[in-house]
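Enquirer: To start, I am sharing the structure in question, which I have written as structure tokens.
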Amino acid sequence: MFGLSLLLASIVVFAFMAVLPGDPARVALGVQATEGALAATRAEFGLDRPLIVQYGDWAGGLVQGDFGRSYVTRAQVGPQIFDRLQVTAWLVLSGMLVALVVALPLGILSAVRHRKLSGMLLSGAAQVGMAVPSFLAGILLVTVVAVQFGWLPSGGWAVPQEDPVEFVRRLILPALALGLVQGAVVTRYVRSAVLDVMREDYLRTARSKGLGSHRALVKHGLRNAAIPVVTVLALQLATLLIGAVVVERVFVIPGLGSLLLSGVANRDLLLVQGVVMVLVVAVLLVNYLVDFLYTALDPRLRRTA
């Protein structure tokens with residue numbers, strides 16, 4: 001199933017890039033290029049062959065880990081993508097960690113105290129946080145934390161192997177920009193899931209047998225509440241990948257998003273295809289990981305399987 005999904009995604013990505021107007025050879029050589037030079041460039045990259053042949057060469061290269069060469073720089077696309085992917089992975093994973101640290105305790109607390117003022121305030125704050133885009137959160141963090149107080153650098157990147165301390169300092173603000181907004185979204189879902197569990201009969205039975213409401217929730221409720229939350233986390237992880245494109249621009253981070261925007265600006269279609277396919281693979285892997293977590297959280301699914 002994974003292979004079929006990947007095949008369909010590659011066809012869609014290639015077809016979308018193929019129908020875009022413009023000649024990659026002319027973009028690479030400029031408007032002053034001669035017809036002879038254009039024809040030579042098209043032959044060099046195989047652009048003069050039928051689309052089905054071009055797709056077969058490109059897809060076959062992907063299977064072998066060869067993403068081809070850039071139309072503009074003529075450099076190998078694969079090393080560029082995987083170099084930038086390491087940066088984006090750090091950003092997305094740290095953003096998800098921030099989201100979980102924020103969402104799990106606040107979501108549970110707002111559900112447990114939903115009839116009290118503190119629970120209403122937490123729910124309202126999460127609702128406001130959902131309306132704030134990541135790039136705006138990033139700009140506000142830069143303005144307050146970096147510019148006004150000077151506590152952290154406003155942007156840039158450091159390689160973790162070369163300078164771990166500077167790497168962490170430059171990662172904090174973009175991770176917060178991504179994680180706080182997504183944390184607000186996940187908080188609402190955690191609150192809803194916990195509220196649904198608190199109304200279940202088995203939790204009332206546990207309380208009637210002498211367990212306190214909090215202990216009954218921890219012992220019997222949170223595991224069941226985690227199942228819908230896992231689905232939301234998978235969707236939010238995909239959202240973080242997209243949000244990282246904008247956040248990398250705000251904080252001048254050389255990640256996959258910056259590479260994608262640069263490829264679009266230069267009409268380097270082969271580079272754009274490669275980046276998009278890597279993002280597609282990441283999203284598919286997350287979905288399959290969620291299916292695995294379902295069976296780990298719910299024994300009934302393991303028996304069904």
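The values are calculated or read from the model by the stated rules, or taken from the named source; none is laboratory data. From a predicted model like this one, the values you see are computed outputs, not experimental measurements. Methodologically, a virtual Cβ is constructed for each residue, glycine included, from the backbone with ideal geometry; neighbour enumeration extends over all protein chains shown.
Enquirer: Of all the residues that make up segment 238-267, how many are surrounded by fewer than 22 Cβ atoms within 10 Å (Cβ to Cβ) and part of a loop (DSSP other than H, G, I, E, B)?
Expert: The qualifying residues number 4.
Enquirer: To continue, here is another question. Residues that are farther than 23 Å from Ser262 by Cα: which helices (runs of 4 or more DSSP H) entirely in segment 8-114 hold 2 or more of them? Spell out how you get there, then give the answer.
Expert: Numbers: elements: 24-29, 35-45, 51-63, 77-112.
In segment 8-114, the matching helices (runs of 4 or more DSSP H) lie at 35-45, 51-63, 77-112.
Enquirer: Now, a different point. Picking from Gly22, Gly36, which residue would you name as being at pLDDT below 80 and either loosely packed, with under 10 Cβ neighbours inside 10 Å or of a type in the set (Phe, Trp, Tyr) (or both)?
Expert: Numbers: Gly36 fails: at pLDDT below 80.
Checking each option against the conditions leaves just Gly22.
Enquirer: Now for a different question. May I ask you to list the residues in segment 110-140 that are closer than 16 Å to Val247 by Cβ and surrounded by fewer than 16 Cβ atoms within 10 Å (Cβ to Cβ)? Working first, answer last.
Expert: Residues of segment 110-140 that are closer than 16 Å to Val247 by Cβ, as a first pass: 129, 132-140.
Within segment 110-140, Val132, Pro133, Leu136, Ile139, Leu140 meet the criteria.
Enquirer: Only residues that are over 23 Å from Leu241 (Cα atoms) and touching a residue at least 24 places away in the same chain (Cβ under 8 Å): list them for segment 141-162, please.
Expert: Val145, Ala146
Enquirer: Being crowded, with 20+ Cβ neighbours inside 10 Å, assigned to a helix (DSSP H, G or I), modelled with pLDDT under 85 and in contact with a Ser or Thr (Cβ under 9 Å, 6 or more places away or on another chain) is the requirement here; does Ala175 meet it?
Expert: Details: crowded, with 20+ Cβ neighbours inside 10 Å: yes; assigned to a helix (DSSP H, G or I): yes; modelled with pLDDT under 85: no; in contact with a Ser or Thr (Cβ under 9 Å, 6 or more places away or on another chain): yes.
No: the conditions fail for Ala175.
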